[in-house]
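Report on the following structure.
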Amino acid sequence: MKVTKQQVWAWFSIYIRLKYMDEKCQGFDTCYTCGKELPIKEMEAGHAISGRTAAVLFDEEIVRPQCARCNKWLNGNYGVFSSKLIEEHGKEWWDNKWREAHKPKQWRELDLEALYNYYKSEVDRMLLRVKNPDNLPIRWQKHLKTLKKGGKK
């Protein structure tokens, strides 16, 4: 099966939102940039550095849950996003990320397949921890039901 960046992104974006899920696993995330807590189904995976190309796309260190307001309407809310990451990791780390993010990246088929398999398996594992599936998008709820039945999808 030939895996595309879009297919990897589908699992990666779910992974990011589940990775930062509330400690009680009720299916809530907190927007990294504005702090608003919302059900995961209302959150997005936002990038601290614009451009969904190159190394930025699947860089877990610079992707966090964001509400639609911050991610779309405020165009990523980059000022707050970058300030928080700099506070957490330091200016030198940020400068390195910025440089790396703007280098061209060719995704090899084997790399995409490995990422796809990794993020899908992580999502499967994390979904089983969710205690309130109603806070998940419907397609994830369906996938979770398949997982609980022991099926593969």
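Each value in this text was obtained by applying a stated rule to the coordinates, not by laboratory testing. Because the structure is a prediction, the values reported are computed rather than measured. So basically every Cβ, Gly included, is an ideal-geometry build from the backbone, and we count neighbours across all protein chains shown.
Brief remarks on what is shown
- Checking each residue of region 62-75 against the condition of being aromatic (F, W, Y) and surrounded by 18 or more Cβ atoms within 10 Å (Cβ to Cβ) gives no match.
- Residue match in region 139-146 (condition: within 16 Å of I14 (Cα to Cα), in contact with a strand residue (DSSP E or B) (Cβ under 8 Å, 6 or more places away or on another chain) and surrounded by fewer than 18 Cβ atoms within 10 Å (Cβ to Cβ)): no
- Hits in region 1-12 (condition: touching a residue at least 40 places away in the same chain (Cβ under 8 Å) and crowded, with 16+ Cβ neighbours inside 10 Å): V3, K5, Q7, V8, W9, W11, F12
Each row is one residue, and each column tells you yes or no for (1) without any contact (Cβ under 8 Å) to a residue 60 or more places away in the chain; (2) not β-branched (V, I, T).
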{"position": "P39", "(1), (2)": "no, yes"}
{"position": "E44", "(1), (2)": "yes, yes"}
{"position": "V56", "(1), (2)": "yes, no"}
{"position": "D59", "(1), (2)": "yes, yes"}
{"position": "V63", "(1), (2)": "yes, no"}
{"position": "K97", "(1), (2)": "yes, yes"}
{"position": "S121", "(1), (2)": "yes, yes"}
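- Where strands (runs of 3 or more DSSP E) fall wholly inside region 1-116, the ranges with 1 or more residues that are under 15 Å from the mean Cα position of the chain (by Cα), under 26 Å from R139 (Cα atoms) and acidic (D, E) are 28-30, 43-47.
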